[in-house]
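Peer 1: Quick one: the structure is below, and I'll ask about it shortly.
The values are calculated or read from the model by the stated rules, or taken from the named source; none is laboratory data. Because the structure is a prediction, the values reported are computed rather than measured. Using ideal geometry, Cβ is built from the backbone for each residue, glycine included, and neighbour counts are taken over all protein chains shown.
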Amino acid sequence: MQITSSQIAALNEPQLPDHSKRWTALRAQLGDKHVDIESVVEALRAFQIAIPSWALGTGGTRFGRFPMGGAPLNLEDKISDIGLLHALNRSSGAISLHIPWDIPEDASAVQNQAASLGLRFDAVNSNTFQDQPGQANSYRFGSLSHTDQAVRDQAVAHNLEVVRFGMELGTRVLSVWLSDGSIFPGQHNMREALRRTEDSLQRIYADMPEDFRMLIEYKPFEPAFYATVIPDWGTSFLLASKLGPRAKTLVDLGHHLPNTNIEQIVSTLIAEEKLGGFHFNDSKYADDDLTAGSIKPYQLFLIFYELVEGMRKQNQSMQELGWMIDASHNIKDPLEDLLQSVEAIKLAYAQALIVDDHKLRQAQQDNDPVIAQEVLQDAFRTDLRPLLAEARLRDGAALDPIGCYRALEVRKHLIRARGENTIATGL
């Protein structure tokens with residue numbers, strides 16, 4: 001299925017008068033605050049968030065999975081589904097592949113399909129947290145950190161194979177997340193496990209092309225519950241620093257212990273030029289992988305403020321970072337969930353862009369926490385949804401992406417084409 005520009009225009013038509021009123025009112029409101037409205041709109045239009053290939057099917061937990069039908073049956077179906085999202089919001093213009101769940105058998109054909117839908121390929125992701133059919137050695141007790149050299153060799157070779165796929169698809173970023181660690185005290189020597197991991201990553205880094213970057217993800221627990229080998233941003237930063245300038249830290253918003261100040265982590269990584277990218281989701285308790293912005297929207301805004309302010313001061317472009325959604329759609333239609341996440345992420349970005357930076361800096365210099373709070377919350381509480389809608393409208397996307405998705409009965413079309421009982425590869 002494809003969504004045409006004429007279908008979107010027809011659904012936008014009756015909504016235009018109301019949108020025009022809201023947009024005019026917001027322009028006046030932002031104009032009174034001396035916000036450069038057009039620059040904000042253009043920044044939003046340029047901002048693209050990658051969709052992981054595994055996220056097009058319904059998710060689940062270790063207790064169960066509840067498929068809803070119409071799931072993609074292969075990589076081509078997944079690219080097609082991301083094309084649907086991008087047609088609706090013009091902000092989902094990148095695909096992040098997870099190998100070996102989604103191996104591009106014909107890279108040229110896959111690239112051509114993606115290009116026809118206005119899509120490009122973002123970071124490629126390795127997988128050494130699962131054993132694959134026919135695999136010679138098991139990752140049961142680790143991969144890049146394993147005590148057995150043969151297992152480490154296998155994990156290194158897999159990562160380099162993923163790099164090769166990335167080269168074929170035109171991306172230059174490898175994302176590495178390890179589940180390596182120990183479930184019980186004494187299970188392994190933590191110092192030696194870290195050293196083995198460093199050695200394995202050095203081997204991968206050395207064999208990557210010179211224009212390839214490595215993003216190192218971290219996670220405090222799960223599936224290793226006692227000690228993960230890369231448990232936090234500091235360990236990722238340490239490893240990335242030892243590897244070299246093409247290694248960066250990847251921040252997954254769910255990969256922190258409760259109440260961690262993620263925005264401070266982001267600020268520090270920007271200052272050290274080691275921030276590589278983000279995996280967006282939200283959580284209440286741990287790595288819940290919920291829809292971005294559904295639980296802690298103010299935290300998401302604060303993270304984006306540190307990004308906007310920090311990248312500006314460092315003379316870096318937001319386009320230099322990797323942006324990907326990493327959520328599990330346990331009970332939602334996955335495409336609707338992804339549309340919601342993209343909207344929440346762009347809303348937080350827009351709110352960060354309208355912060356009165358001069359006034360905030362003055363409050364900071366004056367040690368005035370009251371005014372500092374007022375400045376931030378004024379931006380956060382400003383309803384910028386008409387601005388996001390205007391950015392979409394200018395790109396020929398839907399004023400109301402979810403409303404358009406439902407009006408076109410996209411899920412029904414997918415079920416008719418693929419069946420009721422399909423299950424996509426991935427989580």
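Peer 1: Residue check, residue 352 against (1) modelled with pLDDT of 95 or more; (2) in a loop (DSSP other than H, G, I, E, B), all met but one. Which one?
Peer 2: Residue 352 satisfies all of (1) modelled with pLDDT of 95 or more; (2) in a loop (DSSP other than H, G, I, E, B) except (2).
Peer 1: Could you tell me whether residue 21 is under 29 Å from the mean Cα position of the chain (by Cα) and of a type in the set (Lys, Arg)?
Peer 2: Details: under 29 Å from the mean Cα position of the chain (by Cα): no; of a type in the set (Lys, Arg): yes.
No.
Peer 1: Quickly run through region 222-253 and pick out the residues that are part of a loop (DSSP other than H, G, I, E, B) and touching a residue at least 60 places away in the same chain (Cβ under 8 Å).
Peer 2: As a first pass, look at region 222-253 and keep what is part of a loop (DSSP other than H, G, I, E, B): 222-226, 229-232, 244-246, 253.
Passing the criteria: 222, 223, 229.
Peer 1: Right, another one. Does residue 344 satisfy the condition of being of a type outside the set (Phe, Trp, Tyr), over 30 Å from residue 221 (Cβ atoms), part of a helix (DSSP H, G or I) and modelled with pLDDT of 95 or more? Let's see the steps before the verdict.
Peer 2: Working: of a type outside the set (Phe, Trp, Tyr): yes; over 30 Å from residue 221 (Cβ atoms): no; part of a helix (DSSP H, G or I): yes; modelled with pLDDT of 95 or more: yes.
Judged against the criteria, residue 344 is not a match.
Peer 1: Looking at this structure, is residue 336 among the acidic types (Asp, Glu) and buried (at least 17 other Cβ atoms within 10 Å of the Cβ)?
Peer 2: Values: among the acidic types (Asp, Glu): yes; buried (at least 17 other Cβ atoms within 10 Å of the Cβ): yes.
The answer is yes for residue 336.
Peer 1: Another question, if that's okay. Hey, could you check region 403-427 for residues that are at pLDDT 95 or above and β-branched (Val, Ile, Thr) and say which is nearest to residue 65 (Cα to Cα)?
Peer 2: In this case the residue turns out to be 415.
Peer 1: Please specify each residue of region 394-427 satisfying the condition of being in contact with a helix residue (DSSP H, G or I) (Cβ under 9 Å, 6 or more places away or on another chain), outside any loop (DSSP other than H, G, I, E, B) and either crowded, with 19+ Cβ neighbours inside 10 Å or among the β-branched types (Val, Ile, Thr) (or both).
Peer 2: Within region 394-427, 401, 402, 404, 405, 410, 414 qualify.
Peer 1: Only one of these is farther than 30 Å from residue 101 by Cβ and either touching a Gly at 6+ places or on another chain (Cβ under 9 Å) or without any contact (Cβ under 8 Å) to a residue 60 or more places away in the chain (or both): 415, 371, 345, 354. Name it. Before you say what the answer is, go through the steps one by one.
Peer 2: Values: 415 fails: farther than 30 Å from residue 101 by Cβ; 345 fails: farther than 30 Å from residue 101 by Cβ; 354 fails: either touching a Gly at 6+ places or on another chain (Cβ under 9 Å) or without any contact (Cβ under 8 Å) to a residue 60 or more places away in the chain (or both).
When all the criteria are applied, what remains is 371.
Peer 1: Is it the case that residue 309 is touching a helix residue (DSSP H, G or I) at 6+ places or on another chain (Cβ under 7 Å), under 26 Å from residue 413 (Cα atoms), surrounded by fewer than 19 Cβ atoms within 10 Å (Cβ to Cβ) and not aliphatic (A, V, I, L, M)?
Peer 2: Working: touching a helix residue (DSSP H, G or I) at 6+ places or on another chain (Cβ under 7 Å): yes; under 26 Å from residue 413 (Cα atoms): no; surrounded by fewer than 19 Cβ atoms within 10 Å (Cβ to Cβ): yes; not aliphatic (A, V, I, L, M): yes.
When the stated conditions are applied, residue 309 does not pass them.
Peer 1: Determine which single condition residue 265 fails, assuming it passes every other condition in (1) in a helix (DSSP H, G or I); (2) within 20 Å of residue 177 (Cα to Cα); (3) modelled with pLDDT under 95.
Peer 2: So residue 265 meets the others, but not (3).
Peer 1: Of the residues in region 204-221, how many are assigned to a helix (DSSP H, G or I) and either of a type outside the set (Gly, Ala, Ser) or under 14 Å from residue 272 (Cβ atoms) (or both)? Don't jump to the end; show me each part of the working.
Peer 2: Of all residues in region 204-221, those assigned to a helix (DSSP H, G or I) come to 204-207.
Still in the list and also either of a type outside the set (Gly, Ala, Ser) or under 14 Å from residue 272 (Cβ atoms) (or both): 204-205, 207.
Number of matching residues: 3.
Peer 1: Among residues belonging to region 232-249 that are within 13 Å of residue 174 (Cα to Cα) and among the charged types (D, E, K, R), point out the one that is surrounded by the fewest Cβ atoms within 10 Å (Cβ to Cβ).
Peer 2: So, considering only residues that are within 13 Å of residue 174 (Cα to Cα) and among the charged types (D, E, K, R), the one surrounded by the fewest Cβ atoms within 10 Å (Cβ to Cβ) is 246.
Peer 1: Take the residues in region 276-306 that are under 14 Å from residue 337 (Cβ atoms) and in contact with a Phe, Trp or Tyr (Cβ under 9 Å, 6 or more places away or on another chain), then tell me which one is surrounded by the fewest Cβ atoms within 10 Å (Cβ to Cβ).
Peer 2: 293
Peer 1: Which one is farthest from residue 425 (Cα to Cα) among residues in region 300-332 that are in a helix (DSSP H, G or I) and either touching an Asp or Glu at 6+ places or on another chain (Cβ under 7 Å) or free of Cβ contacts under 8 Å to residues at least 12 places away in the same chain (or both)? It would help to see each step written out before you state the result.
Peer 2: To start, the set of residues in region 300-332 that are in a helix (DSSP H, G or I) comprises 300-313, 318-320.
Checking which are either touching an Asp or Glu at 6+ places or on another chain (Cβ under 7 Å) or free of Cβ contacts under 8 Å to residues at least 12 places away in the same chain (or both) leaves us with 302-303, 306, 309, 312-313, 320.
Values: 302: 34, 303: 32, 306: 35, 309: 39, 312: 39, 313: 42, 320: 29 Å.
Top of the filtered list is 313.
Peer 1: Filter region 115-128 down to the residues that are among the small types (Gly, Ala, Ser) and either modelled with pLDDT under 95 or surrounded by fewer than 23 Cβ atoms within 10 Å (Cβ to Cβ) (or both), then identify the one that is nearest to the chain's Cα centre (by Cα). Show your work before the answer.
Peer 2: Restricting attention to region 115-128, the residues satisfying the condition of being among the small types (Gly, Ala, Ser) are 115-116, 118, 123, 126.
Going one step further and asking which of them are either modelled with pLDDT under 95 or surrounded by fewer than 23 Cβ atoms within 10 Å (Cβ to Cβ) (or both), we end up with 115-116, 118.
Values: 115: 20, 116: 23, 118: 18 Å.
Top of the filtered list is 118.
Peer 1: Is it true that residue 31 is touching a residue at least 40 places away in the same chain (Cβ under 8 Å) and not polar (S, T, N, Q)?
Peer 2: Numbers: touching a residue at least 40 places away in the same chain (Cβ under 8 Å): no; not polar (S, T, N, Q): yes.
For residue 31, the condition - touching a residue at least 40 places away in the same chain (Cβ under 8 Å) and not polar (S, T, N, Q) - is not met.
Peer 1: To continue, here is another question. Considering only region 274-289, I want to know if a residue exists there that is outside any loop (DSSP other than H, G, I, E, B), among the acidic types (Asp, Glu), touching a strand residue (DSSP E or B) at 6+ places or on another chain (Cβ under 9 Å) and under 24 Å from residue 355 (Cβ atoms).
Peer 2: At the first step, the residues of region 274-289 found to be outside any loop (DSSP other than H, G, I, E, B) are 275-280, 282.
Among the residues that remain, those that are also among the acidic types (Asp, Glu) are: 282.
Filter again for touching a strand residue (DSSP E or B) at 6+ places or on another chain (Cβ under 9 Å), leaving 282.
Checking which are under 24 Å from residue 355 (Cβ atoms) leaves us with 282.
The answer is yes; a qualifying residue exists.
Peer 1: Now a separate question. Those residues that are within 20 Å of residue 104 (Cα to Cα) and either modelled with pLDDT under 95 or surrounded by 22 or more Cβ atoms within 10 Å (Cβ to Cβ) (or both), I need them from region 135-155; list them, please. Spell out how you get there, then give the answer.
Peer 2: So the first thing to find is which residues in region 135-155 are within 20 Å of residue 104 (Cα to Cα), and the list is 135, 155.
Once the filter is applied, which keeps residues that are within 20 Å of residue 104 (Cα to Cα) and either modelled with pLDDT under 95 or surrounded by 22 or more Cβ atoms within 10 Å (Cβ to Cβ) (or both), region 135-155 yields only 155.
Peer 1: Just wondering, is there one or more residues in region 58-76 that are among the polar types (S, T, N, Q) and in contact with a Ser or Thr (Cβ under 7 Å, 6 or more places away or on another chain)? Give the steps one after another, and end with the answer.
Peer 2: Keep residues of region 58-76 that are among the polar types (S, T, N, Q), which gives 58, 61, 74.
From the residues that got through so far, the ones that are in contact with a Ser or Thr (Cβ under 7 Å, 6 or more places away or on another chain) too are none.
No, region 58-76 has no match at all.
Peer 1: Further question: For the condition over 20 Å from the mean Cα position of the chain (by Cα), surrounded by fewer than 23 Cβ atoms within 10 Å (Cβ to Cβ), within 22 Å of residue 340 (Cβ to Cβ) and at pLDDT below 95, what is the one hit in 69, 59?
Peer 2: Working: 59 fails: over 20 Å from the mean Cα position of the chain (by Cα).
Being over 20 Å from the mean Cα position of the chain (by Cα), surrounded by fewer than 23 Cβ atoms within 10 Å (Cβ to Cβ), within 22 Å of residue 340 (Cβ to Cβ) and at pLDDT below 95 holds for just one of 69, 59, which is 69.
Peer 1: Given the condition in contact (Cβ under 8 Å) with a residue 60 or more places away in the chain, farther than 25 Å from residue 398 by Cα and in contact with a strand residue (DSSP E or B) (Cβ under 7 Å, 6 or more places away or on another chain), answer yes or no: does some residue in region 71-90 qualify?
Peer 2: If we filter region 71-90 for residues that are in contact (Cβ under 8 Å) with a residue 60 or more places away in the chain, which is where we start, we get 71-73, 77-78, 80-81, 83-85, 87-90.
Then keep just the ones that are farther than 25 Å from residue 398 by Cα; that gives 73.
Among the residues that remain, those that are also in contact with a strand residue (DSSP E or B) (Cβ under 7 Å, 6 or more places away or on another chain) are: none.
Checked against the condition, which is being in contact (Cβ under 8 Å) with a residue 60 or more places away in the chain, farther than 25 Å from residue 398 by Cα and in contact with a strand residue (DSSP E or B) (Cβ under 7 Å, 6 or more places away or on another chain), region 71-90 yields no hits at all.
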